[in-house]
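The values are calculated or read from the model by the stated rules, or taken from the named source; none is laboratory data. Bear in mind that the values here come from a model prediction, so they are computed numbers and not experimental data. Cβ: placed from backbone, ideal geometry, glycine included. Neighbour counts: every protein chain shown. Surface areas here come from the heavy atoms of the whole protein model, side chains and all, with no ligands, DNA or RNA. Shrake-Rupley method; radii C 1.70, N 1.55, O 1.52, S 1.80 Å.
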Amino acid sequence: LRRIPIMGANQEYLDKRELFINKSKVQRNSLKLLHLGTLQGGFTSRSLLWFLDHIWENLLEELNNYNIELHIVGSGIPSEELLKTFNQSNIIYRGYVDNLWEEFVDTFAMLIPGQISTGTRIRVPVAFSMMIPIIGNKVSFDGMPNAKNGETVLYAENAVEYSESIKRLKEETVFYKSICHNVRHVYDENFSIKATSLDIQREISKLYQ
């Protein structure tokens with residue numbers, strides 16, 4: 001059985017997201033990247049610290065033709081060490097937001113840097129439910145069904161690979177739209193309430209065989 005059904009976005013936000021995906025705005029050089037996760041201790045904040053210390057500045061240099069913003073969203077109080085890394089170009093520290101679904105609507109891609117395997121990260125299927133492409137270290141997708149590099153996710157281990165992934169999503173419109181719809185399919189088939197209900201029905205039917 002799937003142990004964790006994930007409540008995805010409602011149709012109102014999916015419609016808005018679909019409009020964004022198909023609008024010419026995606027073709028412009030202004031790109032909103034999103035990092036989502038708790039900012040107080042734990043693996044998520046340490047992975048974000050690694051990313052901002054070792055990747056972000058070099059990534060901006062690689063993508064200097066684009067106007068990129070990294071929006072950092074999440075609850076909790078960041079450490080002083082992490083807060084210092086927020087004082088870099090093109091980083092917008094948002095903290096807690098009231099409506100995450102609205103935040104997803106105009107997100108070009110989500111970044112999930114990872115330095116340790118923690119199993120399925122809940123923010124992955126949540127983002128998939130809103131058709132958000134995700135770029136991250138390979139370990140970030142451990143335990144995620146159908147996490148296929150170049151089809152449903154994009155692996156990146158260093159600044160060059162992160163920047164190349166963003167460039168590909170930006171410059172290959174058909175690929176971008178394909179990834180957006182592929183990840184929604186992964187959510188529907190593996191994490192939606194409907195998929196979980198079908199699992200339960202199958203298990204119950206086995207009792208009567």
The simple spin-label model distance between Met7 and Glu62, using points 7 Å out along Cα→Cβ, in nm, is 3.8
Relative contact order in percent for segment 46-154 (Cα pairs under 8 Å, 6+ apart) equals 22
Rg (one decimal) and Dmax (whole number) from the Cα set of segment 52-102, in Å, equal 12.4, 33
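Calculate the all-directions average of the projected area of segment 11-71's alpha-carbon convex hull, and give it in nm². Write out the running numbers ahead of the final one.
On the way: hull surface 22.2 nm².
The number I arrive at for segment 11-71 is 5.6 nm².
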Per residue, the convex hull enclosing the Cα atoms of segment 7-136 spans a volume in Å³ of 100
Going residue by residue through segment 56-67, the Karplus relation 6.51 cos²θ - 1.76 cosθ + 1.60 with θ = phi - 60° gives ³J(HN,Hα) values, rounded to whole Hz and with x marking Gly or Pro, of 4, 4, 5, 4, 4, 5, 5, 10, 5, 7, 10, 9
The percentage of the accessible area of segment 19-153 (probe 1.4 Å, all protein chains present) made up of carbon and sulfur atoms, to the nearest whole number, is 46
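Keeping all protein chains in place, calculate the accessible area per residue for segment 58-151 (probe 1.4 angstrom), answer in Å². Display every interim value, and only then the final one.
Details: 4100 Å² over 94 residues.
Normalised by residue count, the accessible surface of segment 58-151 is 44 Å².
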The simple spin-label model distance between His185 and Lys148, using points 7 Å out along Cα→Cβ, in nm, is 0.8
On each of the three principal axes the extent of the alpha-carbon atoms of segment 62-145, given in whole Å and largest first, is 35, 32, 28
